[in-house]
Every structure is written in structure tokens, then in C-alpha cells.
Amino acid sequence: MPQSHRTAAAKATIARLAEPPRMANLNPIAARFLHSLRLIAHYQQARRDPVAELAARLGSIDVAAKSLALSQSICAAWPENISVSRFCCGLLSHDEASIGALVEAGTARDRARFEAEIAGLVRPDRLERLWDATQDLVMAELRAC
């Protein structure tokens, strides 16, 4: 490959990495979960229980409970505090982008992709709990439709 093509490809890759991922590019279940995650973070900061507000916004107590359970599983498995954007922001933090990719893989029931999305980020012994909690959320979302 000529040097000019490599340079152009490198510039395109850098530009793509510099552009923050968007909530609108996620599937609906992943986007709803990330909105839930932001709401949960807001309520935790205020030291309030988010379940009633989650249920009202999501239209289902089951989905609210599964969202809260998945968020707790993620917090327990994640190597550091999770960074979330403001509730109204359409852009995703790097953590939200990773979590959104996990939920999308879970929605597709693609275990290999799910594991690949967090390879090296989360210890392997924590994957099963995350997978199960993601599947529980997906099933609750599908029942609520």
C-alpha cells in the first residue's frame, strides 16, 4: 500500500475515534438501558431510590427492576467507577459506549460478541453474571412490548 493511502487510512481512523459515539446509533433496548443507567446514577447521587421513577419512565416495574439489577452487576464487575453523560446528552461516554455494545450483543443473543466487547476490561469470572443480567433485561423488555 502506498504511503499516501496509509496516511489517509490513519487519518480516517483517528477522525472516527475522535468522534464521540451517539445514543441514537444504539438499538432501542441498549438506548433505554443507558437512559436508565443515567437516571440511576442521578438518583444515587441524590441518595434516593430510582425504582419508582424508572418504572414510570420505562412503563414496566419488571423492566425497571431488571435495569437496576443489570446496573448493579455492571458496577460490581467494572474495574472503576462508571462514567455516565448527562441525562439529556445524546453523546456517550466511553463506558456507556462499552455498556451499550454489551447490551446490543445481549439483545442479539451473541455470547461471543458479548465476551469480545469486554475482553480485557472485565475479569472472565464476572462474565456469566453480566450475561445473565443482560439476558434478564432483554427478556423483560420483550415481555413489556
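Here the Karplus relation 6.51 cos²θ - 1.76 cosθ + 1.60, evaluated at θ = phi - 60°, turns the backbone of segment 134-145 into coupling constants of 5, 5, 4, 5, 4, 5, 5, 4, 5, 5, 6, 5 Hz, with x for every Gly and Pro. Footprinting exposure proxy ranking of Thr107, Thr7, Thr134, fewest other C-beta atoms within 10 angstrom first, gives Thr7, Thr107, Thr134.
Relative contact order for the chain: what percent, with Cα pairs under 8 Å and sequence separation of 6 or more? Kindly include the intermediate steps, with their values, before the conclusion.
On the way: 134 pairs, mean separation 40.9, N = 145.
In percent, rounded to a whole number, it is 28.
Among the trypsin sites (Lys or Arg not before Pro) found in segment 6-56, those both in a DSSP coil and sparsely packed, with 12 or fewer other Cβ atoms within 10 Å of their Cβ, are Arg47, Arg48. Listed by Cβ neighbour count within 10 Å, with the fewest neighbours leading, Asp49, Asp125 appear as Asp125, Asp49. Across segment 42-49, computed HN-Hα scalar couplings (Karplus, 6.51 cos²θ - 1.76 cosθ + 1.60, θ = phi - 60°) run 4, 5, 5, 5, 7, 6, 10, 7 Hz from first to last residue, x flagging Gly and Pro.
Dividing the summed helix terms, -39500 (n - 2.57) for each DSSP H run of n ≥ 4, by the number of residues in the chain produces a 222 nm estimate of -22000 deg cm²/dmol to the nearest 500. Over segment 20-144, the fraction of Cα-Cα pairs per 10 Å bin, rounded to whole percents and listed from the shortest bin up, is 14, 48, 34, 3. Put in line by how crowded their Cβ is, counting other Cβ atoms within 10 Å and starting with the fewest, Phe114, Phe33, Phe87 read Phe87, Phe114, Phe33. The modelled label-to-label distance between His42 and Arg113, using points 7 Å beyond Cα along the C-beta direction, is 3.0 nm. Proximity of backbone amide H atoms, modeled 1.01 Å from N, is registered between Leu91 and Met23 at under 5 Å, excluding neighbours fewer than 5 places apart on the same chain.
Throughout, read-outs are computed from the coordinates displayed, never taken from laboratory work. Values in this document were obtained by computation on a predicted structure and should not be read as measured data. Neighbour counts run over all protein chains shown; Cβ positions are idealised from the backbone, glycine included.
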